[in-house]
Ligand SMILES: [Cu+2]
């Protein structure tokens with residue numbers, strides 16, 4: 001009995017996070033720290049989701065009590081160039097964490113893209129991806145399950161402007177990509193301002 005119990009405990013401890021919406025390219029407990037997609041093939045189109053430019057739900061389960069999140073996207077034909085969809089999210093609490101309407105990138109409408117979720121956790125950086133395609137139209141309705149667990153809270157990190165949250169060696173490259181994005185009027189901070197205000201209301 002004891003070894004089985006120990007195994008279960010270990011599995012829970014190592015679960016890190018599991019992307020639920022959109023459909024993940026895959027989840028591997030052991031290899032979730034492997035960039036850019038937790039060891040899964042970034043070019044896979046398995047489970048491709050349509051992503052309305054006005055927003056789509058983003059939902060996961062986390063086992064870490066404190067994390068910073070990056071939610072980014074890249075074109076399938078340019079996967080070295082991830083762009084932030086939202087500023088860095090600072091999140092507390094374990095369980096379900098959901099953002100009901102993460103906006104898309106208008107300039108990429110109709111093109112194959114890859115969503116990437118990065119969890120900056122006590123275990124280091126963890127990754128999952130999803131095949132998505134930005135489509136026109138109003139925000140998609142979130143699933144019933146899109147509700148933060150009672151002990152889960154989140155806020156945008158002040159001054160993060162959707163770049164990298166910290167002090168890792170990759171900050172510089174992320175930042176240059178982000179700055180390019182913000183310089184583009186089509187996806188600049190003014191365009192994001194309205195959805196972000198909506199979100200803050202939902203998050204609190
Ligand atoms: Cu973990």
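Details
- Test for residue 102: is it modelled with pLDDT of 95 or more and more than 13 Å from residue 154 (Cα to Cα): yes
- Residue in the range 63-74 that is in contact with a helix residue (DSSP H, G or I) (Cβ under 7 Å, 6 or more places away or on another chain), outside any strand (DSSP E or B) and within 14 Å of the ligand (Cβ to nearest atom) present: yes
- Restricting the range 9-28 to residues that are within 13 Å of the ligand (Cβ to nearest atom) and part of a loop (DSSP other than H, G, I, E, B), the residue that is modelled with the lowest pLDDT: 15
- Meets criteria (closer than 15 Å to residue 128 by Cα, surrounded by fewer than 17 Cβ atoms within 10 Å (Cβ to Cβ) and modelled with pLDDT of 95 or more) for residue 47: yes
- Subset of the range 109-139 (residues that are over 15 Å from residue 48 (Cα atoms), away from the ligand (no atom under 16 Å from the Cβ) and surrounded by 16 or more Cβ atoms within 10 Å (Cβ to Cβ)): 139
- Of all the residues in the range 50-62, those that are surrounded by fewer than 19 Cβ atoms within 10 Å (Cβ to Cβ) and within 15 Å of the ligand (Cβ to nearest atom) number 1.
The values are calculated or read from the model by the stated rules, or taken from the named source; none is laboratory data. The model shown is predicted, which means the values in this text are computed figures rather than measured ones. When we count neighbours, we look across all protein chains shown, and the Cβ atoms used for this are built from the backbone with ideal geometry, even at glycine.
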